[in-house]
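For reference, the structure is listed below as structure tokens.
The values are calculated or read from the model by the stated rules, or taken from the named source; none is laboratory data. Here the structure is a predicted model, which is why all the values come from computation and not from measurement. All Cβ positions, glycine included, derive from the backbone under ideal geometry; neighbour counts span all protein chains shown.
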Amino acid sequence: MTGQEGAGLEVSGLGFSYGARRALNDVSFAVTQGAFCALLGPNGAGKSTLFALMTRLFTTPEGQVAVMGHDMARAPRQALARIGVVFQQPTLDLDLSVRRNLRYFAALHGLAGREAERRIDAALERMGMAQRADEIARDLNGGHRRRTEIARALVHRPAVLLLDEPTVGLDAEARRAITAHVHGLCAEDGLTALWATHLTDEVWPDDRLVILHRGEVRADGIAREIIGDQSLTDRFLDLTGAST
Amino acid sequence: MKPLLIALWAITTREALRFAQQRSRFISALVRPLIWLVVFAAGFRAALGLSIIPPYQTYITYETYIVPGLCGMILLFNGMQSSLSLVYDREMGSMRLLLTSPLPRWWLLLCKILAGTVVSVLQCYAFLGIAAAMGITIPPMGYVYALPALVLGGVMLGALGVALSSLIRQLENFAGVMNFVIFPMFFMSSALYPLWRMAESSALLRDICAVNPFTHTVELIRFALYGQFNGMALLWTMLATMGFMVLALWGYDPGRGLLRRKG
């Protein structure tokens with residue numbers, strides 16, 4: 001076990017390069033257990049690279065990622081067991097039903113039988129998808145597919161939920177509903193969430209906010225305090241010089 | 001141990017389900033060797049005389065000779081097909097789901113290979129059944145003895161497929177696999193003609209065929225179908241399986257950053 005007391009997710013001194021191009025440079029932040037943290041950055045800021053390192057899709061010798069105190073490099077299985085991930089790209093098997101998709105994922109976490117079914121039912125219920133459990137994923141609309149992916153990420157009861165631009169391609173209503181759902185998971189179930197986005201309207205004033213630009217942390221704190229008397233969009237543009 | 005077996009079962013049934021949903025894939029996987037058996041063999045029968053070589057104890061028809069090679073062909077094409085689907089899964093993102101599981105990565109990759117092997121072996125038996133219906137029969141126990149040989153061959157070629165999929169950056173590059181892996185591996189083997197025949201035209205070519213692991217997989221299957229054991233073929237196939245496995249694990253090592261995408 002390692003890391004800061006009470007931190008669900010801790011990233012310290014993380015650096016990464018694609019050949020000569022520096023993608024992340026000394027990135028450090030910690031998210032308290034039960035907090036919703038928005039990782040805001042323009043396209044190309046390094047958000048997806050950071051997610052790949054946090055989910056061990058690839059590794060780096062520079063810096064450290066700890067999930068509930070488990071170091072991703074030294075204890076990857078314990079760390080991965082505590083995170084749920086919603087990837088930017090859709091990862092549902094469209095030919096399978098919602099329930100079968102969740103069952104497959106549960107098995108990848110070593111869960112089967114009644115216990116898996118119980119957890120699947122609870123996760124679908126939590127995301128308001130219980131009525132659609134037997135529908136084929138291909139027949140769902142974009143918002144419901146995303147909800148299914150979030151429900152899937154909850155099946156193994158993770159402590160930390162990582163969401164990489166989960167509202168891409170959704171309409172305003174679906175975006176708002178999913179953002180509210182994940183905020184609810186943090187407030188009511190004590191889940192720690194890291195929500196990567198480039199859309200400022202998905203950040204709530206009391207959220208923890210980390211602004212990433214060109215692979216570096218430009219601001220880290222409570223959104224309301226970072227914004228000051230500006231709008232978040234203006235503040236974000238000030239810090240990044242980019243358009244949202 | 002139980003979580004590992006749960007994952008194995010889930011990955012295997014998913015692969016089988018996916019295969020069952022793609023009937024055209026099943027039909028094309030069977031049509032390919034059958035065309036070779038019916039059309040190619042008909043033309044070659046007259047041109048190619050075969051002497052009595054182990055494991056055969058009498059003169060055999062050319063069709064009988066190529067049946068084990070065509071089983072190998074099914075395993076080879078299926079191994080490459082799973083490689084193609086892995087590249088597709090990687091481009092589509094669903095590979096990430098597998099690789100972020102807390103189970104050991106080597107086990108997850110092995111599950112993928114075993115799942116593909118189950119599908120391949122089922123196809124081999126369907127092909128052997130059709131060949132039997134055409135009068136190309138094998139001693140009844142041969143069908144049983146062939147099972148471990150087919151499984152080992154399937155695992156070897158599946159591991160090769162996984163290793164190759166880690167080297168292919170984009171789906172478009174897959175055509176190269178056809179030209180540089182499948183065709184040389186198949187044609188430079190004992191699948192279609194015995195090695196002594198090859199030696200008559202080129203000793204070098206014969207030597208290349210002799211070190212081709214696919215030759216040994218085909219021979220392992222050939223001997224097993226006739227209830228005989230070929231130790232050398234087993235050794236070569238096992239060595240190649242281990243080599244391809246190591247290459248596959250290296251290919252999917254997170255330190256190598258296979259899934260690197262700029263974000």
Query raised in the report: Pick from B:TYR252, B:TYR226: which is closer than 30 Å to A:ARG77 by Cβ and in contact (Cβ under 8 Å) with a residue 40 or more places away in the chain?
Result: B:TYR252
Report task. Could you please find all residues in segment B:113-161 being exposed (fewer than 14 other Cβ atoms within 10 Å of the Cβ) and touching a Phe, Trp or Tyr at 6+ places or on another chain (Cβ under 7 Å)? Result -> B:PRO139
Requested in this report: Quick one: in segment A:17-57, of everything that is touching a residue at least 60 places away in the same chain (Cβ under 8 Å) and of a type in the set (Phe, Trp, Tyr), which residue is farthest from A:ASP207 (Cα to Cα)?
Outcome: A:PHE51
Report task. Looking only at segment B:150-169, decide whether some residue is of a type in the set (S, T, N, Q) and over 25 Å from B:PRO33 (Cβ atoms). Result -> yes
Report task. Taking the options A:ARG152, A:ARG138, A:ARG176, name whichever one is outside the structural domain of A:ALA35 (by TED's automatic domain parsing) and more than 20 Å from A:ALA106 (Cβ to Cβ). Result -> A:ARG138
Report summary line: Filtering segment A:111-124 for residues that are of a type in the set (Gly, Ala, Ser), within 13 Å of chain B (Cβ to nearest Cβ) and surrounded by fewer than 20 Cβ atoms within 10 Å (Cβ to Cβ) leaves a count of 2
Requested in this report: Select from segment A:64-109 the residues that are within 9 Å of chain B (Cβ to nearest Cβ), touching a strand residue (DSSP E or B) at 6+ places or on another chain (Cβ under 9 Å) and among the hydrophobic types (A, V, I, L, M, F, W, C) and write down the one among them that is surrounded by the most Cβ atoms within 10 Å (Cβ to Cβ).
Outcome: A:ILE83
Requested in this report: Could you tell me whether B:LEU192 is surrounded by 12 or more Cβ atoms within 10 Å (Cβ to Cβ) and more than 14 Å from the chain's Cα centre (by Cα)?
Outcome: yes
Query raised in the report: Since B:PHE187 meets every condition but one in (1) buried (at least 17 other Cβ atoms within 10 Å of the Cβ); (2) within 17 Å of the chain's Cα centre (by Cα), which condition does it not meet?
Result: (1)
Requested in this report: Determine whether segment B:97-112 contains at least one residue that is surrounded by fewer than 23 Cβ atoms within 10 Å (Cβ to Cβ), of a type in the set (Lys, Arg) and free of Cβ contacts under 8 Å to residues at least 60 places away in the same chain.
Outcome: no
Query raised in the report: Taking into account only those residues within segment B:1-30 that are of a type in the set (Ser, Thr, Tyr) and surrounded by 15 or more Cβ atoms within 10 Å (Cβ to Cβ), which is farthest from the other protein chains (Cβ to nearest Cβ)?
Result: B:THR12
Requested in this report: Could you pull out the residue among B:ARG18, B:ARG96 that is of a type outside the set (A, V, I, L, M, F, W, C) and closer than 30 Å to A:LEU53 by Cβ?
Outcome: B:ARG96
**Report entry** segment B:86-103, residues that are within 14 Å of chain A (Cβ to nearest Cβ) and under 14 Å from B:ILE11 (Cα atoms)
**Finding:** B:ASP89, B:SER94, B:MET95, B:LEU97, B:LEU98, B:LEU99, B:SER101, B:LEU103
Query raised in the report: So which residues in segment B:195-236 are within 16 Å of the chain's Cα centre (by Cα) and either at pLDDT below 90 or farther than 23 Å from B:ILE60 by Cβ (or both), if there are any at all?
Result: B:PRO213, B:TRP236
Query raised in the report: Could you say whether any residue in segment A:140-158 is assigned to a strand (DSSP E or B) and surrounded by fewer than 21 Cβ atoms within 10 Å (Cβ to Cβ)?
Result: no
Report summary line: Within segment A:33-63, the count of residues that are more than 10 Å from every other protein chain (Cβ to nearest Cβ) and more than 30 Å from A:ASP234 (Cβ to Cβ) comes to 3
Report task. Exactly one condition in (1) among the aliphatic types (A, V, I, L, M); (2) over 18 Å from the mean Cα position of the chain (by Cα); (3) part of a helix (DSSP H, G or I) is not met by B:LEU75; state its number. Result -> (2)
Report summary line: Considering residues that are among the hydrophobic types (A, V, I, L, M, F, W, C) and under 13 Å from A:ALA35 (Cα atoms), the number found within segment A:161-202 is 10
Query raised in the report: In the list A:LEU50, A:LEU9, A:LEU57, A:LEU39, which residue meets the criterion of being touching a helix residue (DSSP H, G or I) at 6+ places or on another chain (Cβ under 7 Å) and either crowded, with 24+ Cβ neighbours inside 10 Å or outside the structural domain of A:ASP238 (by TED's automatic domain parsing) (or both)?
Result: A:LEU39
Query - Enumerated helices (runs of 4 or more DSSP H) restricted to segment B:181-248, each holding at least 1 residues that are over 26 Å from B:TYR143 (Cβ atoms) and of a type outside the set (Phe, Trp, Tyr) - result: B:183-187, B:195-201, B:203-211
Report summary line: Counted residues in segment B:191-246 being among the aromatic types (Phe, Trp, Tyr) and under 19 Å from B:TYR56 (Cβ atoms) come to 5
**Report entry** Condition met for B:ALA115 (under 27 Å from A:VAL86 (Cβ atoms) and within 15 Å of the chain's Cα centre (by Cα))
**Finding:** yes
